[in-house]
Amino acid sequence: MKKIAILNYYMACGGTEKAMIALLNSLDYSKIQVTLYLLFKEGPLLNDIPKQVDVQEIKFKKNKYRNYVSGIRGANIIQTSCLKLERKIFKILNQVNYEDGTIFEAVLDQVIVPDIEFDLVCDFSGYGLFPTVVAAKLFRAKRKCTWIHGEKCSWLKRTERSLDYFDRIFCVSISARKNFLKLYPQFQEKTEVFYNLINVSEIRDGAEAFVVSDVMEEDNVLLTVGRIVEEKGYDIAVKTALKLKEKKIPFTWYFIGDGNKKEELQSLINKFNLQKDIILLGRKDNPYPYMKKCTLYVQPSRNEGYPVVIVEARALGCVIVASDIPSIGEQIIDGVNGYLVQLDEKAFANKIEELLRDEEKREKVKKELQNEKIDYSDNIKKLYNLL
């Protein structure tokens, strides 16, 4: 029985976590034993982890060090303020900071390492986070691998000193690999593309789990799903909505998701008086029935890795209008199985108007998607090759 350790941050409702669950669901548990180590054993997708997986929280000699290498999480305002002050003093005394990852190195000796030699250790966190350093420098294994989830790699500065420890570096798209190798050409031989595994049947079954009846009853329904963060371009979506309203195009745009830019987003919606045109639905554990019901699925992302939500939208036959960035261009052929537009509110508004007025074009894309094969299951062999 082979032993695999997988490390991640926590089980947020994001594409990275969904991809990891799909990976876990693809493993043969008659031959391997998997332990998942999370920096925080929490999150909305925690219950979606296969029951065969032993889920552990990365342990520290003192729990305060967990907060030093992550976002401060106090039980109340006073405790949060105290923890922030403690971390500030720690950084000054040790002359370290978060931006270059030196604080990660300073905290390593406070981690309680499992006394096991694994056959394979996989760092799936992949965004310059503390679990990457733990996987690289503390866990014992015959072989190790890590994931690069984004085409923007600036965050790797925090963990670049750990890259030498990995035998394989998996990038989730061609564009992610290309951008990674621009920064770290010395790792070309051990870097390859590993597309996120997606269970299309589960997505389609999820779309039938319930009928959306309380919202999305309008004729022209737009939908965007994802974390409300700068990378996802929600501000561009709001400005696009303003352009559509100025053109007197009838529409209602629903946003599904949550994130650190939610308050800014609501302020922008209020500023342009779009409260009746843009509806924030918050996070949904199952967004697929909503996706199935929309007229157009719109994704104005600034950068991505290999966006799972675009795969999901394709699987559900959504007519997609997305920003013309490399990682999305690996999935969408403009005018065939969706539409790619310049990352600009005017371009988005023009394309949305065109498609809302032309049902024939929408039906043509839907027909193409019905015949499209979405299957990345062969990628699992790349992981097994490391055992």
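The values are calculated or read from the model by the stated rules, or taken from the named source; none is laboratory data. Keep in mind that this is a model prediction, so the values were computed, not measured. No Cβ is skipped: glycine too gets one built from the backbone with ideal geometry, and neighbour counts run over all protein chains shown.
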Lone unmet requirement of (1) out of contact with any Pro (no Cβ under 9 Å at 6 or more places or on another chain); (2) basic (Lys, Arg); (3) surrounded by 10 or more Cβ atoms within 10 Å (Cβ to Cβ) for Lys62: (3)
Residue within region 225-236 that is within 23 Å of the chain's Cα centre (by Cα) and within 15 Å of Leu316 (Cα to Cα) present: yes
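Filter region 36-52 down to residues that are more than 21 Å from the chain's Cα centre (by Cα) and crowded, with 17+ Cβ neighbours inside 10 Å, then give me how many there are.
Quick first cut of region 36-52, residues more than 21 Å from the chain's Cα centre (by Cα) only: 51-52.
Subsequent filtering for residues that are crowded, with 17+ Cβ neighbours inside 10 Å retains none.
Total satisfying the criteria: 0.
Any residue at all in region 265-275 that is in contact with an Asp or Glu (Cβ under 8 Å, 6 or more places away or on another chain), assigned by TED's automatic domain parsing to the domain that holds Glu330 and touching a residue at least 12 places away in the same chain (Cβ under 8 Å)? Don't jump to the end; show me each part of the working.
First, pick out the residues of region 265-275 that are in contact with an Asp or Glu (Cβ under 8 Å, 6 or more places away or on another chain): 265, 268.
If we keep only those that are assigned by TED's automatic domain parsing to the domain that holds Glu330 as well, we get 265, 268.
Adding the requirement that they be touching a residue at least 12 places away in the same chain (Cβ under 8 Å) leaves 265, 268.
Yes.
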Failed item in (1) modelled with pLDDT under 95; (2) surrounded by 13 or more Cβ atoms within 10 Å (Cβ to Cβ), with Asp285 passing the rest: (2)
Qualifying residue in region 159-168 (condition: of a type in the set (Lys, Arg) and under 17 Å from Leu183 (Cα atoms)): yes
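Please determine whether any residue of region 29-41 is out of contact with any Ser or Thr (no Cβ under 8 Å at 6 or more places or on another chain) and either closer than 16 Å to Arg158 by Cβ or at pLDDT below 90 (or both). Break it down stepwise before answering.
First, the residues of region 29-41 that are out of contact with any Ser or Thr (no Cβ under 8 Å at 6 or more places or on another chain): 29-38, 41.
If we keep only those that are either closer than 16 Å to Arg158 by Cβ or at pLDDT below 90 (or both) as well, we get none.
Scanning region 29-41, I find no residue that is out of contact with any Ser or Thr (no Cβ under 8 Å at 6 or more places or on another chain) and either closer than 16 Å to Arg158 by Cβ or at pLDDT below 90 (or both), so the answer is no.
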